[in-house]
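Before any comments, here is the structure.
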2 protein chains.
Amino acid sequence: MVRRRSYDQYCGLAHALDVVGERWTLLIVRELMSGPKRYSDLAEALAGIGTSLLATRVRQLEAEGVLRRRLLDPPNVHVAYELTDIGRELGRAAVPLAMWGARHFTDAPRSAEESFRAEWWLVFLADSLNARQSPGLCAEYEFHVDDSVTRLRIADGHADVLSGTHDTPVDAVLHSDSATVAAVIGGRTTIADAFTAGRIQGEGDPEKLAYLLDLLNSQLRSMSGRSDGAQHRDPVATSAPDDD
Amino acid sequence: MVRRRSYDQYCGLAHALDVVGERWTLLIVRELMSGPKRYSDLAEALAGIGTSLLATRVRQLEAEGVLRRRLLDPPNVHVAYELTDIGRELGRAAVPLAMWGARHFTDAPRSAEESFRAEWWLVFLADSLNARQSPGLCAEYEFHVDDSVTRLRIADGHADVLSGTHDTPVDAVLHSDSATVAAVIGGRTTIADAFTAGRIQGEGDPEKLAYLLDLLNSQLRSMSGRSDGAQHRDPVATSAPDDD
DNA sequence: CGGCATCCATTTTGATACTG
DNA sequence: CAGTATCAAAATGGATGCCG
């Protein structure tokens, strides 16, 4: 195998991009943020990747220590991929980038060609949702967004997104649509406004519902990341004065 | 022009990567974080990019509103590129990714092929260095790392990295090497330890020097981003129960 | 089937040369 | 200095084949 292409720069960002800068790589990490996935799950979620490239990416990520292959137990012997600690750190590091994208490039409603999964949006919120307000609380929520369903589980002061179907009962169910979710996460509207406008609807345990909305609200505020007015005061540094 | 390649996913991260996911793009943004640059500055800093690709990238970034072309004043008529507000937000959003890379992929010392610039490291710290401890203080520092020199200016409670050479006097000068800088920013050692070990040396105004080290120290602590023990409790969600 | 490897048509990228 | 033109090499995507 010919040597992997590198930027050959001694820089944290360049080294990070040497590892996860190629096409599809960060999206594979995003997929695994909602729990371990099988090869075919990944291939289905990442429409257009081409199976051979997926295999290559997964191999690279395993070699870098971002994810791990695991064989499932005998009843259903399958391969599953899951993030390592380094991989989960990477997922968290990608959150500001995702928020930046949500803030500036999701104002157009979803187009016909675009695929969509509710967990893509939830996953960036969930990881940092430490339920400091009610540490002991356990709750499970189901989100219906467009035609996609996903689940948020809060327990032990921590939140997880779970993809797929589950048998455990939920405490509350939320209904919304992709444009609304994008607007809320992108900071173009608030949960409260979307709720009163009927663009988000909730049913189930009212107390746990209120708790969730509060939690999401405060999290979104802390992730807003809007730009301040600070500018460079030095227009163009003379990088090499014309002294030839 | 044939349409740009897109992931076609309605997701913040995918949309962000549609804009800045291609090769070199984020590194161009990193370059502009230390102030406006000319075309040839970029080409020189990004060894290997090839001038035609650089021109394409710059055009794309301008079209997306990440940077802006500017013509300099008559004495020295040149083209300069500078980040817009959106571009500066992007630079800030890339910081966690850079820290992740620094933490996990810079433990090997700089290899012979790798280029290096001190501002690549400083720039990720500087933007979030709001000098809350001494709001009124103004200071200018010069960093000598390996063969690279860069400048940090603190004023109005905000820090800027300035590339290139400057005539204004400095308050203090720091000397170190790339391995030490990487270890400090990657969290593998502390500034204090590196200082006592003589791997960082400083001269100049002792008060302002102490102030800088304090500021860097507290900033690094808040950016550590180490992984906690929280795991997914649900091994593999049954994404589609075998009910065929 | 699920989990890849192989082959080939298209795109992207890298390196160099060239121009106003 | 600030790019454009050109061409070879590498990366990607699609389709298909193979094997337990």
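What to note about this one:
- Per-residue [θ]222 nm for chain B (sum of -39500 (n - 2.57) over DSSP H runs n ≥ 4, rounded to 500): -11500 deg cm²/dmol
- Taking the DSSP bridge list for the stretch B:118-224 and keeping only pairs wholly inside it, about 75 percent are antiparallel.
- A from B by rotation - nearest chain B beta carbon to the axis, in Å: B:96, 3
- Total charge dipole magnitude, the stretch A:118-224, about the Cα centre, Cβ charges on Lys, Arg, Asp, Glu only, Debye to nearest 20: 440
- Cα shape, the stretch A:99-232, gyration tensor, a/c 1.5 rule: oblate
- Per-residue average of Cβ from other chains inside 10 Å of A:46-57: 1
- Label point 7 Å beyond Cα along the C-beta direction, distances from residue A:62 to other copies (nm, shortest first): 4.6
- Computed label-point distance, nm, for sites residue A:132 and residue A:168 using a 7 Å Cα→Cβ extension: 2.5
- Shielding by other protein chains, A:101-111, mean Cβ within 10 Å: 5
- Under a model in which nothing but the beta-carbon of Lys, Arg (+1) and Asp, Glu (-1) is charged, the protein assembly as shown shows a dipole of about 480 debye around its Cα centre.
- In plain terms, the residue of B:79, B:95 with the fewest other Cβ atoms within 10 Å comes first and the most crowded comes last, giving B:79, B:95.
- With the label put 7 angstrom out from Cα along the Cα-to-Cβ vector, residue A:138 ends up 6.0 nm from the copy partners, going from closest to farthest.
- Whether the protein assembly as shown is rounded, prolate or oblate, judged on the alpha carbon gyration tensor where a/c under 1.5 counts as rounded: prolate
- By the count of neighbouring beta-carbon atoms within 10 Å, fewest first, B:145, B:181 end up ordered B:145, B:181.
- Peptide B:3-9 is shielded by partner chain Cβ atoms: per residue, an average of 5 of them sit within 10 Å of its Cβ.
- Cβ-vector label at 7 Å, residue B:201, separations to other copies in nm: 7.2
- Overall, the anisotropy analysis places chain B in the oblate class: the square-rooted eigenvalues a ≥ b ≥ c of its C-alpha gyration tensor yield a/c not less than 1.5, with a/b not exceeding b/c.
Laboratory data are not the source of any read-out in this text; all were calculated from the coordinates shown. Please read all numbers here as calculations on a predicted model, not as lab measurements. Quick reminder, even Gly has a Cβ in these numbers, built from the backbone with ideal geometry, and neighbours come from all protein chains shown.
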